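Asks: One structure is given below, represented as structure tokens, and several questions about it will come after.
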Ligand SMILES: [Zn+2]
């Protein structure tokens, strides 16, 4: 991959197999789709361990901040270090933000994304990664993320997106779980399988602009949804895709 890790800046990558046959069958993935979802979850930076999904998420966070540099470097900027960040699960960017004064670690499912325990307009950035597909009313959850953002704030997130089909609910289908093949928990029950229309849901939740990012299409896609078209830096950011 001709790129650098968007978290630590290194350029050496490895690959793990992540998907298992039962999940592939439930999800009805073609061999090509299985390959790209495996890269999304299993291709990883040999230096910091971030997977491709985490690196794509970092691009979304760079967009929200309005600066194009590895996250580990960005957080050394006092203005970035002062941002109010709500992190909804452990992601590859968490280690860069953890310990900063205004960082809030609120892990799903301990915190209910349908009813976030924060006042309106609290955060500059809200982050979640491969979580929304497990949340029953995901448009409402996106609206909650929007509610707790400042007017200049952005939500940065990933969901697994199968680009050649439309979003479908798994209601009425056999249960399907993410996580690991063993030790499944109900928290990781898949409620929604996202597809090519994933762009519409942040708009339905009231966001004013939605931008998509990838390091390798269609392997891993991340989304920056902003309250308005204007980001933290005060001008429309240039990473629109
Ligand atoms: Zn890295």
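The values are calculated or read from the model by the stated rules, or taken from the named source; none is laboratory data. None of these values were measured; they are calculated from a predicted model. Cβ atoms come from the backbone with ideal geometry, glycine included; neighbour counts cover every protein chain shown.
Asks: Could you list, in sequence order, the residues of segment 76-101 that are modelled with pLDDT of 95 or more and either within 16 Å of the ligand (Cβ to nearest atom) or farther than 24 Å from residue 209 by Cβ (or both)?
Replies: The answer is 76, 78, 81.
Asks: Continuing with this model, one more query. Pick from 136, 109: which is within 23 Å of residue 193 (Cβ to Cβ), in contact (Cβ under 8 Å) with a residue 60 or more places away in the chain and surrounded by fewer than 16 Cβ atoms within 10 Å (Cβ to Cβ)?
Replies: Unique residue meeting the criteria: 109.
Asks: Against the conditions (1) surrounded by fewer than 16 Cβ atoms within 10 Å (Cβ to Cβ); (2) free of Cβ contacts under 8 Å to residues at least 60 places away in the same chain, where does residue 68 fall short? Just the number, please.
Replies: (2)
Asks: Next question. With the requirement that a residue be within 11 Å of the ligand (Cβ to nearest atom) and free of Cβ contacts under 8 Å to residues at least 12 places away in the same chain, what does segment 8-52 give you?
Replies: Residue satisfying the conditions is 11 alone.
Asks: For residue 153, are the conditions met, namely being modelled with pLDDT of 95 or more, in a loop (DSSP other than H, G, I, E, B), in contact with a strand residue (DSSP E or B) (Cβ under 8 Å, 6 or more places away or on another chain) and farther than 25 Å from residue 190 by Cα?
Replies: Answer is no for this residue.
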